[in-house]
């Protein structure tokens with residue numbers, strides 16, 4: 001017997017290869033930002049499904065689709081290492097705690113700057129789809145709703161899928177099903 005989560009997983013690939021997603025057709029003329037929300041305790045299964053089903057499935061069933069997957073946590077680590085801040089941030093966290101390191105990194109990790117960096121590094125205008133993962137791992141350094149809002153002007157006609165460990169009800173995000181984020185109305189649930 002399959003679980004509701006497994007049934008929803010099985011719907012991802014057909015939705016991603018459908019014209020309404022790849023043609024960037026959101027409701028009411030909105031840009032095609034899609035969220036696949038899932039139970040946080042299924043994180044490892046979601047990672048496995050992405051690596052072993054979604055990525056190879058997109059390549060096989062839609063070989064002309066140009067897509068990239070980006071890990072937000074790795075994006076942040078790479079940025080900190082590039083700016084020679086990673087080791088300093090780790091030391092500060094150990095000596096002064098989470099709040100101090102988060103406050104000191106806030107200007108470096110502003111969502112609008114990260115959105116611009118992500119769009120430039122991946123040249124999103126040349127993609128047919130961008131998949132974002134690592135949302136839970138990067139919390140509390142980044143806020144999802146703010147990052148999505150900052151990505152809007154950069155994505156232009158490129159649809160985006162965010163894999164989200166929590167709940168999205170079409171109006172608000174709840175990371176890990178416990179942390180409420182600000183309202184975000186501009187994305188659609190990929191699978192209900």
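The values are calculated or read from the model by the stated rules, or taken from the named source; none is laboratory data. Just so it is clear, the model here is predicted, and its values are computed rather than measured. When we count neighbours, we look across all protein chains shown, and the Cβ atoms used for this are built from the backbone with ideal geometry, even at glycine.
What the table shows:
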| read-out | value |
| --- | --- |
| Matching option when the condition is in contact with a helix residue (DSSP H, G or I) (Cβ under 7 Å, 6 or more places away or on another chain) and either over 16 Å from residue 70 (Cα atoms) or assigned to a strand (DSSP E or B) (or both), among 100, 116 | 100 |
| Residue in segment 1-17 that is modelled with the lowest pLDDT, counting only those that are farther than 18 Å from residue 50 by Cβ and not in a helix (DSSP H, G or I) | 1 |
| Qualifying residue in segment 72-88 (condition: crowded, with 18+ Cβ neighbours inside 10 Å and closer than 23 Å to residue 24 by Cβ) | yes |
| Test for residue 151: is it surrounded by 12 or more Cβ atoms within 10 Å (Cβ to Cβ), at pLDDT 90 or above, out of contact with any strand residue (DSSP E or B) (no Cβ under 7 Å at 6 or more places or on another chain) and not in a strand (DSSP E or B) | no |
| Some residue of segment 85-96 being part of a strand (DSSP E or B) and modelled with pLDDT of 90 or more | no |
| Subset of segment 62-84 (residues that are out of contact with any helix residue (DSSP H, G or I) (no Cβ under 7 Å at 6 or more places or on another chain), within 26 Å of residue 165 (Cβ to Cβ) and assigned to a loop (DSSP other than H, G, I, E, B)) | 62 |
| Yes/no for residue 127 being buried (at least 19 other Cβ atoms within 10 Å of the Cβ), out of contact with any helix residue (DSSP H, G or I) (no Cβ under 7 Å at 6 or more places or on another chain) and more than 23 Å from residue 63 (Cβ to Cβ) | no |
| Check on residue 47, assigned to a helix (DSSP H, G or I), under 20 Å from residue 167 (Cα atoms), modelled with pLDDT of 95 or more and within 17 Å of the chain's Cα centre (by Cα) | yes |
| Segment 104-124, residues that are more than 16 Å from residue 138 (Cβ to Cβ) and surrounded by fewer than 12 Cβ atoms within 10 Å (Cβ to Cβ) | 107, 120, 123 |
